[in-house]
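K.L.:
So that we are looking at the same thing, I have put the structure below in structure tokens.
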Amino acid sequence: MTTFVDRVELHVAAGNGGHGCASVHREKFKPLGGPDGGNGGRGGDVILTVDQSVTTLLDYHHSPHRKATNGKPGEGGNRSGKDGQDLVLPVPDGTVILDGQGNVLADLVGHGTTYVAAEGGRGGLGNAALASARRKAPGFALLGVPGDAGDIVLELKTVADVALVGYPSAGKSSLISVLSAAKPKIADYPFTTLVPNLGVVTAGSTVYTIADVPGLIPGASQGRGLGLEFLRHVERCSVLVHVLDTATLESDRDPVSDLDVIEEELKQYGGLDDRPRIVVLNKIDIPDGQDLADMIRPDLEERGYRVFEASAVARTGLKELSFALADIVAKARAAKPKEEATRIVIRPKAVDDAGFTVRQEEDGLFRVRGEKPERWVRQTDFNNDEAVGYLSDRLNRLGVEEALMKAGARAGDGVAIGPEDNAVVFDWEPTMMAGAEMLGRRGEDHRFEAPRPAAQRRKDRDAERDEAEREYDDFNPF
């Protein structure tokens, strides 16, 4: 069964915001005590965070659908809904997050590094929060905003200082097993290593990590063998070590041609030209291996490579190799630019930035796009005339109506707010009449203006008495 996964497609969905509540306070002798609907809670976020105890993406391979909890709706009595709980997903150090088109969204390196993959929707306001001097008793509340949802790709790129590359069965796993405490699978057949192995090496005062990358063959950069699966794991390494088999049993291979093939694959993959190279002539404990190493060493040194002879079985040449790698790693670390504290950059909006755009499409439809108008549309309950009227007021204050006029829109033209696949379309009328105006001034509740029953009875009796007195006066003029 697969125990190592370094690339998965993850379907994430943040929590939806809770709906606001439309409620009126009621108690004895005070039947209409004003609006008291609470706000909805915020939906939970989906957050990816680096955890050093996690080394594979296997959990997300088996369970690729992850969703945060929704916010709770508001309630009467000014009780706000509970916020949704954030969903924190631990990922290995060196995880790269990409969108569906392959664009890099984030590169998570370092314990505790986080990235919000999906942001929860905000909760809707209750009618208590919507009340104002002009809108004393709103008969509506705002809906919660749906949370973000989409597909992302997680790719693991091993964070190691040294990468061992070479043909299958070149002895890379054997080397890492004697240089570090790692215990990779070792056998006498090709492609024994099916996953990258990591080991920690201590050489003097320098501690570094070394990775054993599965064997490369010609065409690996185009997907042959296992190369394309794991070439990404050498991208973060400071030095590449070519492990050459000096005792290969294949008659059509020799260490120099093996080196040329691997270098060509690394060149085709790209981005590795600046990494220093070291050549290790492995398996010199075999007599023919030592003889071949003596023959090809001058040729490799003429090409500019530092050449080391080693044997994992006899444990010869390992100390010199580990200290040479430690020296290169130390220099690479020193050459890295010093990490600076994260700078907070404030980018104020331009004075003429309205926050939305209006354009006319080929079919004559006017489309409005912008964060605020689209969010307001999602928050509107279109079954409530008063809520629709409130949306009309908000759009008018934002300047949408004026922008439509400037764009050439006339009464009766179609207007869409939102993207093509999820838009609200309506026939535009300047100063939109949503039907709420028939209820009186928008946002007011005439129940507050109606007299109480006892007071109304007194007024009725007073009116009857006045009417009787007038009739008496008309009958008896003296």
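K.L.:
Quick check, is Val415 assigned to a helix (DSSP H, G or I) and either modelled with pLDDT of 80 or more or of a type in the set (Ser, Thr, Tyr) (or both)?
P.N.:
Judged against the criteria, Val415 is not a match.
K.L.:
Oh, and also: When you go through (1) free of Cβ contacts under 8 Å to residues at least 60 places away in the same chain; (2) open to solvent by 60 Å² or more (accessible area, probe 1.4 Å); (3) assigned to a helix (DSSP H, G or I) one by one for Arg333, which number turns out not to apply?
P.N.:
Answer for Arg333: the failing condition is (1).
K.L.:
Out of all the residues in region 369-410, which are open to solvent by 40 Å² or more (accessible area, probe 1.4 Å), under 21 Å from Asp421 (Cβ atoms) and not in a helix (DSSP H, G or I)?
P.N.:
Arg369, Phe382
K.L.:
Of the numbered conditions (1) assigned to a helix (DSSP H, G or I); (2) surrounded by 16 or more Cβ atoms within 10 Å (Cβ to Cβ), Lys319 satisfies every one except a single condition; which is it?
P.N.:
Of everything listed in (1) assigned to a helix (DSSP H, G or I); (2) surrounded by 16 or more Cβ atoms within 10 Å (Cβ to Cβ), Lys319 misses just condition (2).
K.L.:
Ala211 is checked against (1) at pLDDT below 75; (2) small (Gly, Ala, Ser); (3) within 29 Å of Leu292 (Cα to Cα) and fails just one. What number does that condition carry?
P.N.:
That leaves (1) as the condition not met.
K.L.:
Give the residues of region 56-88 that are within 20 Å of the chain's Cα centre (by Cα) and farther than 23 Å from Gly150 by Cβ, sorted by residue number.
P.N.:
Thr56
K.L.:
Tally up the residues in region 287-302 that are open to solvent by 90 Å² or more (accessible area, probe 1.4 Å) and touching a residue at least 40 places away in the same chain (Cβ under 8 Å), please.
P.N.:
The qualifying residues number 1.
K.L.:
Sort out which residues of region 264-289 are farther than 21 Å from Ala324 by Cα, not aliphatic (A, V, I, L, M) and not in a loop (DSSP other than H, G, I, E, B), and write them in order of number.
P.N.:
Glu264, Glu265, Lys267, Gln268, Tyr269, Pro287, Asp288, Gly289
K.L.:
Considering only region 146-155, how many residues are surrounded by 24 or more Cβ atoms within 10 Å (Cβ to Cβ) and among the hydrophobic types (A, V, I, L, M, F, W, C)?
P.N.:
Adding up the residues that qualify gives 1.
K.L.:
Can you pull out every residue in region 131-162 that is under 19 Å from Gly18 (Cα atoms) and either assigned to a strand (DSSP E or B) or among the hydroxyl-bearing types (Ser, Thr, Tyr) (or both)?
P.N.:
Ala149
K.L.:
Return the residues of region 306-329 that are among the hydroxyl-bearing types (Ser, Thr, Tyr) and touching a helix residue (DSSP H, G or I) at 6+ places or on another chain (Cβ under 9 Å); say none if nothing qualifies.
P.N.:
Within region 306-329, Ser311, Ser322 qualify.
K.L.:
Show the residue pairs meeting these rules: Cβ distance below 8 Å; 6+ apart or different chains; first residue within region 47-76 and closer than 25 Å to Cys21 by Cα and at pLDDT 95 or above; second residue surrounded by 18 or more Cβ atoms within 10 Å (Cβ to Cβ) and among the basic types (Lys, Arg).
P.N.:
Gly71/Arg42
K.L.:
Are any residues in region 393-416 under 31 Å from the mean Cα position of the chain (by Cα) and within 13 Å of Glu361 (Cβ to Cβ), and if so, which ones?
P.N.:
Result: Ala416, single match.
K.L.:
Having 2 or more residues that are open to solvent by 40 Å² or more (accessible area, probe 1.4 Å) and under 10 Å from Leu48 (Cα atoms) is the bar; report the strands (runs of 3 or more DSSP E) wholly within region 88-130 that clear it.
P.N.:
Strands (runs of 3 or more DSSP E) meeting the threshold: 114-118.
K.L.:
Restricting to region 1-54, name every residue that is part of a loop (DSSP other than H, G, I, E, B), exposed (fewer than 14 other Cβ atoms within 10 Å of the Cβ) and under 24 Å from the mean Cα position of the chain (by Cα).
P.N.:
Residues satisfying the conditions are Gln52, Ser53.
The values are calculated or read from the model by the stated rules, or taken from the named source; none is laboratory data. Please read all numbers here as calculations on a predicted model, not as lab measurements. For neighbour counting, all protein chains shown are included, and Cβ atoms are generated from backbone atoms with ideal geometry for every residue, glycine included. Side chains are part of the model used for accessible areas, which takes the heavy atoms of the whole protein and leaves out ligands, DNA and RNA. Shrake-Rupley method; radii C 1.70, N 1.55, O 1.52, S 1.80 Å.
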